[in-house]
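Please treat every number below as a calculation from the coordinates, not as lab data. Everything numeric in this text was worked out from a predicted model, so none of it was measured. FYI the Cβ positions are ideal-geometry reconstructions off the backbone, even for glycines, and counts take in every protein chain you see.
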Amino acid sequence: MSAAGRQWLWPIALAAATLFGLLSALAGDHGIWRGLCWIALALPLLTIAWCASAARRR
């Protein structure tokens, strides 16, 4: 994989997770869709928190 591919891998994955979370929120209000929505939309927030805590430790 090229350097540009490695650089853009995580932002694209987080964008895909966010898009999936938003679409799953629109797809259904009950059942599995609600859980998938919460998980998919929490992933970018957890990533931000993890990166911020890693930057503080440095």
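Yes or no: W50 loosely packed, with under 14 Cβ neighbours inside 10 Å and within 12 Å of the chain's Cα centre (by Cα)?
Against the criterion (loosely packed, with under 14 Cβ neighbours inside 10 Å and within 12 Å of the chain's Cα centre (by Cα)), W50 does not qualify.
Is the stretch 6-19 home to any residue that is surrounded by 14 or more Cβ atoms within 10 Å (Cβ to Cβ), more than 8 Å from the chain's Cα centre (by Cα) and not β-branched (V, I, T)?
No, because not a single residue in the stretch 6-19 is surrounded by 14 or more Cβ atoms within 10 Å (Cβ to Cβ), more than 8 Å from the chain's Cα centre (by Cα) and not β-branched (V, I, T).
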